[in-house]
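**Student:** This is the structure I want to talk about, given as structure tokens.
Values in this text are rule-based calculations from the coordinates and carry no lab data. Nothing here was measured: the structure is a model prediction, and the numbers come from that model. Glycine gets a Cβ as well: all are built from the backbone with ideal geometry, and neighbour counts include every protein chain shown.
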Amino acid sequence: MPYTAHPTAVIDEGCTIGEGTRIWHFSHIMPGCVIGEGCNIGQNVVVSPGVKLGRNVKVQNNVSIYTGVECEDDVFLGPSMVFTNVINPRSAVARRDQYLRTVVKQGASIGANATIVCGNDIGRFAFIGAGAVVTKEVPDYALVIGNPAKQTGWMSEFGHKLKFDADGLATCPESGQQYQLSNGRVTRTS
């Protein structure tokens with residue numbers, strides 16, 4: 001077995017799990033999902049049918065990843081954060097054919113107890129603060145906080161708030177990587 005799973009985890013037939021992935025207590029991996037190499041699936045996590053997780057995705061405890069969600073490589077999902085997959089759920093109305101797609105792009109981090117309303121993609125290396133409620137698309141490198149989530153700054157790939165000078169340049173204090181802010185978008189330049 002190329003992955004490890006706690007004896008209390010439920011792994012349904014028909015899912016794909018990459019080498020080196022660890023699945024912890026009381027988690028349920030459902031048929032038709034794809035989990036990449038080197039992922040960590042915490043306790044009490046549900047990965048629903050059709051979900052795709054890239055390599056090195058870290059899913060903390062008590063997260064449900066519903067059908068329609070895709071996480072690219074190196075994504076962090078904080079404890080008890082929430083994804084939705086139907087915009088207008090009703091108990092008495094079947095909407096399984098109306099699941100909206102949500103993509104969490106490479107390197108993004110979603111803080112504890114945050115909620116991502118379906119259909120709103122999260123940009124590369126974006127940082128969603130704890131408890132935020134995301135109701136619109138989040139750009140690459142954006143820092144968003146609050147309810148509803150509002151952008152308050154920009155983050156480096158190493159998770160540090162970027163301070164841009166008058167020329168729109170910033171340097172990550174940990175990595176030394178340089179970034180350019182131009183026309184409301186951030187790109188890494190080195």
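**Student:** Give a quick list of trypsin sites (Lys or Arg not before Pro) in the range 102-190 that DSSP marks as loop, anything other than H, G, I, E or B, with at most 16 other Cβ atoms within 10 Å.
**Tutor:** Sparse-neighbourhood loop trypsin sites (Lys or Arg not before Pro): K136, K163.
**Student:** Here is a further query. Expressed as a rounded percentage, what relative contact order does the chain have, with Cα pairs under 8 Å and six or more residues apart? Spell out each step's value before the answer.
**Tutor:** Numbers: 580 pairs, mean separation 18.9, N = 190.
In percent, rounded to a whole number, it is 10.
**Student:** In addition: Roughly how big is the chain's charge dipole about its Cα centre, with Cβ charges of +1 (Lys, Arg) and -1 (Asp, Glu), in debye to the nearest 20?
**Tutor:** It works out to roughly 500 debye.
**Student:** Next question. Among S182, S64, S27, S91, which comes first, second and so on when ranked by fewest other beta-carbon atoms within 10 Å?
**Tutor:** Working: S182 10, S64 19, S27 22, S91 5.
With the fewest neighbours first, S182, S64, S27, S91 line up as S91, S182, S64, S27.
**Student:** Choose one of Y179, N147, G168: the residue whose Cα lies farthest towards the positive end of the charge dipole of the range 138-190 (beta-carbon charges +1 Lys, Arg; -1 Asp, Glu; about the Cα centre).
**Tutor:** Result: N147.
**Student:** Another one. Suppose we take every Cα in the chain and form the convex hull; what volume per residue is that in Å³? Display every interim value, and only then the final one.
**Tutor:** Details: hull volume 22.7 nm³, N = 190.
It is 120 Å³ per residue.
**Student:** Which number do you get for Rg(Cα) / (2.2 N^0.38 Å) in the range 23-68?
**Tutor:** Taking the Cα Rg and dividing by 2.2 N^0.38 Å, one obtains 0.99.
**Student:** If we count other beta carbons within 10 Å of each Cβ, what is the order of H28, H6, fewest first?
**Tutor:** With the fewest neighbours first, H28, H6 line up as H6, H28.
**Student:** Ranking T152, T102 by Cβ neighbours within 10 Å, fewest first, what do you get?
**Tutor:** Going from sparsest to densest Cβ surroundings: T152, T102.
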